[in-house]
1. Report the extension gain between A:GLU3 and A:ASN99 in nm, rounded to one decimal, defined as 0.36 nm multiplied by the number of residues separating them, less their alpha carbon distance.
2. With 28 Å as the limit, write out which pairs from A:LYS292/A:LYS388; A:LYS346/B:LYS22; B:LYS22/B:LYS304; A:LYS292/A:LYS428; A:LYS346/A:LYS428 have Cα-Cα distances beyond it, or answer none.
3. Give the ranking of A:ILE379, A:ILE128, A:ILE413 by solvent-accessible surface, highest area first, calculated with a 1.4 Å probe.
4. What fraction, in whole percent, of alpha-carbon pairs in chain A exceed 45 Å separation?
5. Could you report the accessible area of B:ARG375 in Å², rounded to 10, computed with a 1.4 Å probe on the protein chains as they sit in the structure?
6. When the distances between all Cα atoms of the range A:349-479 are binned every 5 Å from zero, what whole-number percent does each bin get?
7. State, to one decimal in nm, how far the label point of A:LEU265 lies from the label point of B:TRP281, with both points 7 Å from Cα in the Cβ direction.
8. Mean separation of Cα pairs under 8 Å and 6+ residues apart, divided by the residue count of chain B: what relative contact order is that in percent?
Amino acid sequence: MNELELQALLPFMVLAASSLVVILLIAFRLSHTVIQISGFMMMCLTVICMWLVRDTLPREIPPLLVIDGFAAFTTGLIVFVVLAVGLFSYIYFEEREENPKEYYILLFLATLGAAVLTVSKHFISLFIGLEILSISLYGLIGYLRNRNNAVEAGLKYLMLAALTSAFLLFGMALVYLETGSMDFAVIGRHVQSSGFSVLMILGIGILLVAVGFKLAFVPFHLWAADVYQGAPPPVTAFIATASKIGVFSVLLRFGQSLGLQNEQLLQGIFSFIAIASMIVGNLLALRQQNIKRLLAYSSIAHFGYLLVAFLPGNDNGETAALFYLLSYSVTLLCAFGIITIMSGTKQDAESVSFYQGLFWKQPILAVVLSVAMLSLAGIPLTAGFPAKFMVLASGVEDSRWIPVLVLVATSVIGLYYYLRVIGILFEKPEEETAATKVLHPFFYYATYTSLTVLMLAICWLGLFPGNVIDGIRQLLQLE
Amino acid sequence: MILIWLIILQLGAGILSWLLSKRDNRLAAGIALTAVIACLLLTIQLFARFRPSFAGGGQWLMEYRADWIPAFGISFHLALDGLSLAMLLLTFFLGALAVLCSWKEIRQRAGFFYFNLLWTLAGITGVFLAIDLFLFYFFWEVMLIPMFFLIYIWGDTRRRYAAIKFFLFTQAGGLLMLLSILAMVIIHAGQAGRYSFDYADLLNTTLSPGTAKLIMGGYLLAFAIKLPVVPFHNWLPDAHGEAPTAGSLILAGLLLKTGAYGIIRFVITMFPEAAASVSWWAMLAGVIGIIYGAFLAYGQTDLKRLIAYTSVSHMGFVMLGAFSFSEMAMQGVVMQLLTHGISTGALFAIAGMLKERLHTRELGRMGGMWTTMPRMGGIAMLFTMASLGLPMLGNFIAEFFILMGAFQASVPLTVIASTGLVFAALYSLRMVQKVFLGPPSVENITFDLDARELVVLGALSVSIVLLGLFPQPVFDMITNVIRNLNHTYE
């Protein structure tokens with residue numbers, strides 16, 4: 001490994017070091033606040049490192065990793081998500097009795113796992129990344145072990161994730177049997193020269209089961225709602241954004257290097273999964289009374305939309321997918337931030353009726369949540385609109401009419417439940433609740449501010465997506 | 001530059017009145033009124049400035065263009081021609097009256113109310129001005145969200161149902177339109193080698209007849225839902241009935257007009273052949289709307305729903321005229337847009353005033369109002385007459401022109417459509433009889449119009465009479481538009 005390769009790896013090493021730093025800090029019995037702040041610093045350091053090494057990209061680190069513009073974007077997004085999640089975690093866990101310090105070790109490990117996924121170009125690194133991510137997530141989901149739902153959710157995730165790891169390995173083995181390599185590029189060349197054999201398709205199909213589980217595609221979505229509900233809101237935010245970004249980016253990379261979209265049968269499978277996810281996700285979300293479950297089903301639908309951008313397998317589709325991931329993450333962070341900030345010491349603010357009349361009590365929070373909902377619904381002025389627009393454009397450009405039409409029809413269905421939530425925010429408040437004491441003014445207001453900033457980011461992305469799109473295209477070296 | 005100021009002024013005033021409303025409700029209303037009247041004055045000034053050049057010159061009287069998302073060839077492109085000028089005059093006129101109507105009605109959360117009102121108006125302004133299709137779609141949605149809030153928060157008992165239904169219907173159409181826009185842009189990109197959402201560029205796209213029909217279908221459906229054309233009219237009575245007075249006024253007076261505007265500006269201009277091939281069916285849908293709307297209006301017991309159904313009927317004339325491809329009918333259509341906005345707006349304002357006094361919209365609980373409120377009765381009579389198409393009032397000119405024009409296109413349809421005028425007389429007179437004539441209802445301690453209401457209804461009355469007596473300025477305004485349309489007919 002030469003110096004340049006080491007440089008390119010720097011951000012990832014900082015990321016790995018951050019969980020070690022947290023362990024050390026715990027050993028020295030430092031307080032939650034210190035850990036929180038140093039964690040924040042480490043994440044910022046990661047971002048700075050990425051900025052410093054930007055000129056050395058793209059760089060391959062054979063045989064496992066490749067660090068290119070695409071990886072830089074997705075890793076950056078993941079780190080950005082973790083920054084916000086860390087902030088939400090502070091007020092959420094500080095109000096609860098459990099010792100929150102070990103939480104950060106797991107959080108940063110999971111981040112590392114997701115980040116490794118974005119740079120992997122080899123089955124081994126894919127598997128390592130995925131396992132680091134999943135194993136940390138078991139702990140994170142069940143972190144508040146005194147709660148009923150938490151243990152259930154953690155166990156559910158554990159069982160299914162273990163099962164899908166087995167699927168993943170089996171799929172990899174089948175592909176390896178056929179091609180004799182685990183490197184995406186080599187597999188891609190093999191496919192180019194000798195096409196997709198039955199064994200190959202079978203292997204990839206089994207791989208897809210594992211990936212589909214992580215991304216909660218229909219029909220592998222059964223865990224999603226329970227886990228979203230049982231996990232603490234900051235963790236749910238992490239699962240819904242960072243972990244899915246990691247897995248989706250490896251799917252994109254894998255798809256690009258193999259040209260999965262050119263194979264008739266696989267294309268059919270992808271279309272089917274996309275359509276099923278859009279329909280099932282939106283329909284199941286319609287009658288949910290629990291906002292975390294509602295967001296779980298809505299995120300199933302959103303990854304269905306994302307698959308529509310994946311289907312064409314071209315540059316426009318990739319740009320659209322990355323922009324969609326960005327806008328989706330910012331939006332979901334807003335939504336989960338509100339849930340976190342509204343949650344009391346005893347219970348999470350889960351029930352939709354909890355938010356009734358929020359606009360007249362806390363207008364800023366309500367506006368943030370409304371903007372987030374509108375953005376999820378894809379209404380102009382918010383980030384969701386250009387995102388959905390680009391996905392539609394890439395689908396139409398490739399004449400994928402059936403998925404595109406399903407996308408349109410299901411967005412209308414989806415609009416209903418987003419509007420329902422927004423409507424509840426603007427209802428008459430039920431009764432005057434006594435203002436609760438703000439426990440940690442600094443972090444509380446920091447969260448408040450960051451939510452407002454996130455909301456402004458949503459609007460900015462919605463109004464002026466041009467710069468960001470250009471940025472993405474430059475990173476992907478399309479221009 | 002003035003064009004963009006029209007939009008910014010309203011958006012800014014909306015935010016301002018929201019922020020300042022904590023202190024004083026009246027202040028919020030005052031800011032809203034000032035902003036809309038300023039826009040109205042600006043537009044009148046534009047009218048005066050361009051009056052000599054309506055007949056000559058290029059397609060646009062005025063343009064503003066800035067890059068927005070260059071990667072996709074999307075620009076912030078606004079342009080004004082006679083048609084948009086006419087619609088803008090109507091927008092700000094009715095907008096100012098809508099603010100005046102809400103002066104007393106809205107007591108709670110007035111700041112947020114005026115914020116939504118102004119943002120809806122800004123969206124409508126944008127729809128009438130945008131000639132970049134992405135921008136058009138953008139404004140098309142922007143006007144919906146605040147309208148949703150207007151109905152959802154300040155509406156009547158069934159407001160939630162009505163608001164969500166309204167939004168879902170329009171959004172379904174809107175997304176299909178977005179698909180059509182995208183398909184067209186991508187076909188254009190295939191021919192021209194670059195993305196562009198610009199109206200002028202897309203006009204030059206060559207489409208095969210089959211594709212053109214499909215793409216036009218997407219547009220037409222969006223506009224037909226908005227207009228509304230039977231069978232897509234289902235959202236309208238609920239939304240109109242439950243909305244607060246200002247909401248109903250803007251819905252009926254302006255939002256429906258955006259559908260008609262879209263048909264004229266996009267469907268007929270961009271896809272003349274495809275539109276011609278479905279014209280008979282479109283005219284049939286219009287005629288069905290005229291008759292069916294009139295029948296339903298006659299059967300209503302709720303005053304606001306009754307007026308809502310009359311809109312369905314009157315918008316049938318727009319559909320009939322727009323698809324008859326004759327110059328005269330098109331003049332009538334534009335006239336109909338203006339006069340229907342004024343007359344139905346006035347009827348909704350009156351219904352709102354009645355509701356403020358009686359706290360009901362049920363016809364059964366009204367009656368004999370003329371004795372206590374002669375002024376309101378008189379004005380209501382005037383607008384009922386306008387609505388049923390009495391000569392001297394604007395609606396007569398509009399419907400007469402439409403029927404004349406449509407007669408050349410299809411005799412049987414026009415004959416059936418003409419009977420709509422008779423039905424209009426039936427439901428209108430029934431309404432006047434139930435509300436103002438007959439034995440007085442029990443609790444009859446009501447006050448006649450106060451000065452503010454008199455200003456609102458007076459302005460509407462004067463304008464409907466003026467349009468009826470001197471329609472020529474309107475026709476002058478759209479000479480150029482009609483001439484361009486004539487080129488496409490040939």
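1. 30.5 nm
2. Check vs 28 Å cut-off fails for A:LYS346/B:LYS22; B:LYS22/B:LYS304.
3. Accessible-area ranking of A:ILE379, A:ILE128, A:ILE413, largest first: A:ILE128, A:ILE413, A:ILE379.
4. 7
5. Surface open to solvent at B:ARG375 totals about 120 Å².
6. For the range A:349-479, the binned pair fractions read 2, 9, 13, 17, 17, 14, 10, 8, 5, 3, 1, 0 percent.
7. Simple spin-label model gives 4.1 nm for this pair.
8. Reported relative contact order: 15 percent.
The values are calculated or read from the model by the stated rules, or taken from the named source; none is laboratory data. Being a predicted model, the structure only gives us computed values, none of them experimental. Cβ coordinates were reconstructed from backbone atoms using ideal geometry, including for glycine residues, and neighbour counts include every protein chain displayed. Remember, those area values only see protein heavy atoms, side chains included, never the ligands or the DNA or RNA. Shrake-Rupley method; radii C 1.70, N 1.55, O 1.52, S 1.80 Å.
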